[in-house]
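Have a look at the structure below before the remarks.
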C-alpha cells in the first residue's frame with residue numbers, strides 16, 4: 001500500500017502527509033533559491049567559486065553528520081558502495097561548480113530556469129529506463 005493511503009487525515013479531512021509534503025517542497029525551493037542567490041552575492045563580492053562550493057558541501061555535512069551519527073552511530077559514515085558514492089560526489093560537486101560559475105555570468109532567472117529544466121530532463125530520462 002502506498003504511504004498516501006496510510007496517511008492520517010486531519011480534522012477537516014485533509015491529508016496531513018500531503019500537506020507536510022507540499023510544505024517541505026516549498027521550503028526546498030525557497031532554500032535552494034536562497035543558496036543560489038547567496039552564491040551569486042558571494043561571487044560578486046570576490047569570494048572564489050571553489051570556496052563557495054566547499055562551504056555549500058561542508059556546512060550540511062557537519063550538521064547532518066552530527067545528527068545522524070548521534071542517532072544511528074558511526075555506521076552512517078561507511079558506504080556499501082564506495083565507488084558509486086565517489087562517482088556521485090564528483091558528479092554533484094562538478095554540477096555545483098558549473099552552476100556557481102554560471103551565476104557569475106547569467107542572471108538568477110536564467111539559472112533558475114536551467115535548474116528546473118534539469119528536473120524535467122531527469123524525469124524524461126527516468127521514463128526511458130522504466131519504459
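The values are calculated or read from the model by the stated rules, or taken from the named source; none is laboratory data. Remember, it's a predicted structure, so these values are computed and weren't measured experimentally. Every residue, glycine as well, gets a Cβ built from its backbone with ideal geometry; the counts of neighbours run over all protein chains shown.
Determine, yes or no, whether residue 58 is part of a helix (DSSP H, G or I), touching a helix residue (DSSP H, G or I) at 6+ places or on another chain (Cβ under 6 Å) and either surrounded by 12 or more Cβ atoms within 10 Å (Cβ to Cβ) or at pLDDT 80 or above (or both).
On the way: part of a helix (DSSP H, G or I): yes; touching a helix residue (DSSP H, G or I) at 6+ places or on another chain (Cβ under 6 Å): no; either surrounded by 12 or more Cβ atoms within 10 Å (Cβ to Cβ) or at pLDDT 80 or above (or both): yes.
No, not satisfied.
Residues of segment 61-84 being over 19 Å from the mean Cα position of the chain (by Cα), surrounded by fewer than 11 Cβ atoms within 10 Å (Cβ to Cβ) and part of a helix (DSSP H, G or I), which ones? Within segment 61-84, 70, 71, 72, 74, 75, 77, 82, 83 meet the criteria.
In this structure, does residue 45 turn out to be exposed (fewer than 10 other Cβ atoms within 10 Å of the Cβ) and on the phi < 0 side of the Ramachandran plot?
Numbers: exposed (fewer than 10 other Cβ atoms within 10 Å of the Cβ): yes; on the phi < 0 side of the Ramachandran plot: yes.
Criteria met by residue 45.
Exactly one residue among 99, 20 is in contact (Cβ under 8 Å) with a residue 60 or more places away in the chain, assigned to a helix (DSSP H, G or I) and either touching a helix residue (DSSP H, G or I) at 6+ places or on another chain (Cβ under 6 Å) or surrounded by 11 or more Cβ atoms within 10 Å (Cβ to Cβ) (or both), and that residue is 99.
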